[in-house]
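Written below as structure tokens is the structure these notes are about.
The values are calculated or read from the model by the stated rules, or taken from the named source; none is laboratory data. These figures come from a predicted structure and were not determined experimentally. Here the Cβ is made from the backbone with ideal geometry for all residues, glycine too, and neighbour counts use every protein chain on show. To get the accessible areas, we keep the full protein, side chains included, count just its heavy atoms, and leave off ligands, DNA and RNA. Shrake-Rupley method; radii C 1.70, N 1.55, O 1.52, S 1.80 Å.
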Amino acid sequence: KFLLEKETRCLYIQSPVYVLGDIHGNLEDLHFFSDNIWNLGMDLTSGNFLFLGDYFDRGVHSLEVIAYMIALKIQCPEKMFMIRGNHEL
């Protein structure tokens, strides 16, 4: 099963948690987070990461954003959590 299908609908995430939301296909924002929050890699950064959905629809790099986020989820399944926004059905 895919990693996202294995997660329960109600997430219990241990703190500290970085809460990031509404990427909307903006690859620059995702790179900013990568450079400034998990610059040593998500697996070496203390804390967990919660993305609040709305990963694509407005930015020109929607495909790159969702591909990068799925790669992060595969790399760190116990630290990276993604919930659905109103654009992900």
Added length on full extension, which subtracts the Cα-Cα distance from 0.36 nm per residue, Leu50 to Ile70: 5.9 nm
Cβ crowding within 10 Å averaged over residues, with 56-64, 7-15, 37-45 ranked highest first: 56-64, 37-45, 7-15
Starting from the Cα of Ser34, step 7 Å along the direction of its Cβ; do the same at Gln14; then give the gap between the two resulting points in nm. 2.7
When all Cα-Cα pair distances of the range 19-63 are considered, the percent exceeding 12 Å is 62
Table column - 3J(HN,Hα) (Hz), the range 74-81, Karplus curve with 6.51, -1.76, 1.60, x for Gly and Pro: 5, 6, 9, x, 8, 10, 10, 10
Accessible surface of the range 11-52 [probe 1.4 Å, protein heavy atoms]: carbon and sulfur percent: 50
Pairwise FRET efficiency - Asn86 versus Leu3, Cβ, R0 = 25 Å, nearest 0.05: 0.70
What three numbers, in Å, describe the spread of the alpha carbons of the range 1-87 along their principal axes, ordered from the longest? 33, 28, 20
Run lengths n ≥ 4 of DSSP H only: what is the helix-derived mean residue ellipticity at 222 nm for the chain, with -39500 (n - 2.57) per run over all residues, to the nearest 500? -9000 deg cm²/dmol
Per residue of the range 13-30, in order, report the coupling 6.51 cos²θ - 1.76 cosθ + 1.60 (Karplus, θ = phi - 60°) as ³J(HN,Hα) in whole Hz, putting x for Gly and Pro. 10, 6, 7, x, 10, 8, 9, 10, x, 6, 6, 6, x, 8, 5, 4, 4, 5
